[in-house]
Amino acid sequence: MTAPDIDTVTDTRVDTETPAPLAYPFNSAEGLQLAEAYEQVRDRPGLLRVQLPYGEPAWLVTRYADARLVLGDHRFSRAEGARHDEPRQSEGRSDSGILSMDPPDHTRLRSLVARAFTVHQVEKLRPRVRELTAALLDDLEAAGPPADLVDRFALPLPVAVICRMLGVPAEDRPRFRVWSDAALSTSSLSAAEFEANREELRDYMRTLIHHREEPRDDLMTALIEARDGSDRLSELELVDLCVGILVAGHETTASQIPNFTLTLLDHPEQLALLRARPELLPGAVEELLRFVPLGSGASQPRYATEDVEVGGTLVRAGTPVLVATGAANRDALRFSAPGVLDITRQGVQHLGFGHGVHHCLGAPLARLELQEALGALVTRFPGLRLAGDVTWKSQMLVRGPRVMPIGW
């Protein structure tokens, strides 16, 4: 992808004139490279003014320290976006649910779900995830090469796990591919089409909740009990929590399994090292989370609630800021040799799961799934290789292969 002409942008330090915005996002949907434009922007003083296809212009954060400030500072609000024309890649708006809230409402909802996603609770799932992983790889191997890693392994694994946590019937799982794609689409879906898809998924979840006759040992039962207890979840809050968990609980992991596999295949010396030293697996997952820029572009803008200086730029109250975590994770001021994949890297405090109050709730589960999936895959198939052309997702918030044929 051709980098925008960064040199034409006015210096953005405090008290300079607000520059004309550049078209955004920068990353190409086909591939996992970090666009060169990010490197240029990060080395310049101040923030960059960008314009997404829809909504108002925003400041773009690309450096690690600035990213942590915006993501962690209470002076930057997600809820404020509902009162503005939020910067976004599609006409439709996802302006409800826990990701669009600030404390204390966000805190109340998050505390209800967080109990199910603690490291201790998630570790109880590891034997089941390992069992599912082995069964899926058995089926993939039996099918013979070339086999689609996405359809036969990367997608069904996290879908099965999150559906089990929510008590969603196995026969309904294929329907979530369509709903999830639409929920994360940046395509030409109109606002009406986007809303229709969201309501269809909400209606499905309402039906599932209302037909829950007997309590079960799963997350949905815990949330239903919270709705009816002292915490008092509203009906819409309950539905949207379940919808959000279902979509977020599988899509990113389903994308990162093939992304990480492809990245290791592109770095054979790192793949060989991981096979030789399997104890490096947890650290390897953290380094891959840092190294692979998942998003097509930054999303979920934060609005300044008062004037705040960020990276040498004065962000005025009421102005949106976008945080490019993929670029921040390659900041040389924070990471040595940031453009190098090194699975032995120690203490990788990446922003792959965000930071602050909106730090990804499902991070422990995602880590577990990625560890189990990647470890089993590279161990089972010592001759693992690409066996055809990769078909990439297009017009999606997250990047990754839609079809990835592998052989062994």
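Pairs of alpha-carbon atoms within less than 8 angstrom and 6+ residues apart define the contacts here; what relative contact order does the stretch 54-173 have, in percent?
It rounds to 17 percent for the stretch 54-173.
So what is the relative contact order of the stretch 246-389, in percent, for Cα pairs below 8 Å that sit 6 or more residues apart?
Computed over the stretch 246-389, the figure is 29 percent.
Between the stretch 245-278 and the stretch 109-163, how far is it from one alpha carbon centroid to the other, in angstrom?
Cα centres, the stretch 245-278 to the stretch 109-163: 14 Å.
Run the quick spin-label model on E199 and E235: label points 7 Å from Cα toward the beta carbon, then report their separation in nm to one decimal.
Inter-label distance under the simple model: 1.5 nm.
How many percent of the accessible area of the stretch 271-339 is carbon or sulfur, using a 1.4 Å probe?
Reported share for carbon and sulfur atoms: 54 percent.
Compute the longest continuous run of the chain that contains no exposed GluC sites (Glu not before Pro); treat a site as exposed when its DSSP state is not H, G, I, E or B and it has at most 15 other Cβ atoms within 10 Å.
Longest run free of exposed loop sites: 31-212.
What FRET efficiency, computed as 1/(1 + (r/R0)^6) with R0 = 45 Å and r the Cβ-Cβ distance, is obtained for A192 and T221, rounded to the nearest 0.05?
In this case the efficiency is close to 0.85.
Can you classify the chain as rounded, prolate or oblate using the Cα gyration tensor, where a ≥ b ≥ c are the square roots of its eigenvalues, rounded means a/c under 1.5, and otherwise it's prolate if a/b beats b/c and oblate if not?
On the way: a/c = 1.68, a/b = 1.14, b/c = 1.48.
Oblate shape, in that a/c is at least 1.5 and b/c is the bigger or equal ratio.
Calculate log10 I(q)/I(0) of the stretch 13-126 for q = 0.10 Å⁻¹, where I(q) comes from the Debye formula with a single equal point scatterer on each Cα and nothing for solvent.
Debye output, listed in q order: -0.45.
So with the 1.4 Å probe, I'd like the accessible area per residue for the chain, rounded to whole Å².
Normalised by residue count, the accessible surface of the chain is 43 Å².
Report the calculated FRET efficiency for A170 and A134 (r = Cβ-Cβ distance, R0 = 22 Å), to the nearest 0.05.
Details: r = 18 Å, r/R0 = 0.81.
According to the calculation, E is roughly 0.80.
Taking the Cα centroid of the stretch 26-58 and of the stretch 292-322, what is the distance between the two, rounded to the nearest whole Å?
Centre-to-centre distance over Cα atoms comes out at 12 Å.
Which value in Å does the Kirkwood hydrodynamic radius of the stretch 77-142 take, with 1/r averaged over all unlike C-alpha pairs and then inverted?
Over the stretch 77-142, the inverse of the mean reciprocal pair distance is 15.4 Å.
Let me check against my output: what whole-number percent is the relative contact order of the chain, with C-alpha pairs under 8 Å and at least 6 apart? It would help to have the intermediate numbers written out before the result.
Details: 664 pairs, mean separation 114.1, N = 408.
Value for the chain: 28 percent.
If you take the beta carbon distance between V403 and A114 as r and set R0 to 35 Å, what does 1/(1 + (r/R0)^6) give as a FRET efficiency, to the nearest 0.05?
With R0 = 35 Å, the Cβ-Cβ based efficiency is 0.50.
When N counts the residues of the stretch 271-408, how does its alpha-carbon radius of gyration compare numerically with 2.2 N^0.38 Å, as a ratio?
1.25
Using 0.36 nm per residue, how much length does the chain from H359 to A317 gain when fully extended, once their Cα-Cα distance is taken away?
The H359-A317 span can extend by a further 12.8 nm.
The values are calculated or read from the model by the stated rules, or taken from the named source; none is laboratory data. What you see is a predicted model; the values in this text were computed from it and never measured. A quick note on method: Cβ atoms are made from the backbone with ideal geometry, for glycine too, and the neighbour counts reach across all protein chains shown. Side chains included, ligands, DNA and RNA excluded: accessible areas come from the protein's heavy atoms. Shrake-Rupley method; radii C 1.70, N 1.55, O 1.52, S 1.80 Å.
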